[in-house]
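Reviewing the structure listed below.
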Amino acid sequence: MARRLLAFLLAASLLLPLARPEDSSTSSTSNLSPAANTTAYDELGLRGFPRGLLPANVRAYTLDAGSGDFAVHLRSSCRIVLPAGSYLAAFSDRLTGRLDDRRISGLDGIRVRAFFRWWSITGIRADGDQLVFEVGSVSAKFPARDFNASLECPDQAAA
């Protein structure tokens, strides 16, 4: 009995330093984020996506580890010219959807300009070294390496 208690106390003392308090700049609710100091960019990487799918102005995010539902909050909405295809993309200040392994579905908050109009990106799949962007039933593939770096959002006044 004493040995079991000693073993438990030893294990607890080794594991306790690994539990860190949550940083409010990375996620807002501990039960919605699997790791307290994980960023939204880290979450993308853990699921097979490059960090450059998000602009560099992420303020906070939440992720329900069970369902994969997420919300990413940017400092402001912005427009960025994407490196793949030189498309103009508009990011709302709040992006939502469902994040699974190598798939983002139900995406809301990102639009691209093509063929003289704006189209909402509804999903993104990682397919080998390609990313497949879905706009309703239409899709387009681009090299994932084009999204390795997050792009800076210009100031809101310039967007």
Of the conditions (1) closer than 17 Å to PRO50 by Cα; (2) open to solvent by 80 Å² or more (accessible area, probe 1.4 Å); (3) within 16 Å of the chain's Cα centre (by Cα), ARG94 clears all except one; give me its number. (1)
Find all pairs meeting these conditions: Cβ atoms under 9 angstrom apart; at least six residues apart or on different chains; first residue within region 114-136 and assigned to a strand (DSSP E or B); second residue surrounded by fewer than 11 Cβ atoms within 10 Å (Cβ to Cβ) and at pLDDT 95 or above. ALA126/ASP101
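Answer yes if at least one residue in region 133-140 is open to solvent by less than 50 Å² (accessible area, probe 1.4 Å), farther than 18 Å from ARG47 by Cβ and in contact with a strand residue (DSSP E or B) (Cβ under 9 Å, 6 or more places away or on another chain), and no otherwise. Reasoning before the result, please.
Taking region 133-140 and keeping what is open to solvent by less than 50 Å² (accessible area, probe 1.4 Å), we get 133-135, 140.
With farther than 18 Å from ARG47 by Cβ added as a condition, the list becomes 135, 140.
Filter again for in contact with a strand residue (DSSP E or B) (Cβ under 9 Å, 6 or more places away or on another chain), leaving 135, 140.
Among the residues of region 133-140, at least one is open to solvent by less than 50 Å² (accessible area, probe 1.4 Å), farther than 18 Å from ARG47 by Cβ and in contact with a strand residue (DSSP E or B) (Cβ under 9 Å, 6 or more places away or on another chain), which makes the answer yes.
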Failed condition for LEU88, given (1) touching a residue at least 24 places away in the same chain (Cβ under 8 Å); (2) surrounded by 16 or more Cβ atoms within 10 Å (Cβ to Cβ); (3) touching a Leu at 6+ places or on another chain (Cβ under 8 Å), with all others met? (2)
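Condition first: surrounded by fewer than 17 Cβ atoms within 10 Å (Cβ to Cβ), in a helix (DSSP H, G or I) and among the charged types (D, E, K, R). Now tell me which residues in region 44-60 satisfy that.
Of all residues in region 44-60, those surrounded by fewer than 17 Cβ atoms within 10 Å (Cβ to Cβ) come to 45-48, 56, 59.
So of that shortlist, the ones also in a helix (DSSP H, G or I) come out as 45-46.
Residues satisfying the conditions do not exist here.
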Return yes when ARG113 is under 18 Å from TYR41 (Cα atoms) and of a type outside the set (Asp, Glu) and no when it is not. no
Residues that are among the small types (Gly, Ala, Ser) and crowded, with 17+ Cβ neighbours inside 10 Å, drawn from region 61-75: GLY68, ALA71
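The values are calculated or read from the model by the stated rules, or taken from the named source; none is laboratory data. Note that this is a predicted model, so its numbers are computed, not measured. Using ideal geometry, Cβ is built from the backbone for each residue, glycine included, and neighbour counts are taken over all protein chains shown. To get the accessible areas, we keep the full protein, side chains included, count just its heavy atoms, and leave off ligands, DNA and RNA. Shrake-Rupley method; radii C 1.70, N 1.55, O 1.52, S 1.80 Å.
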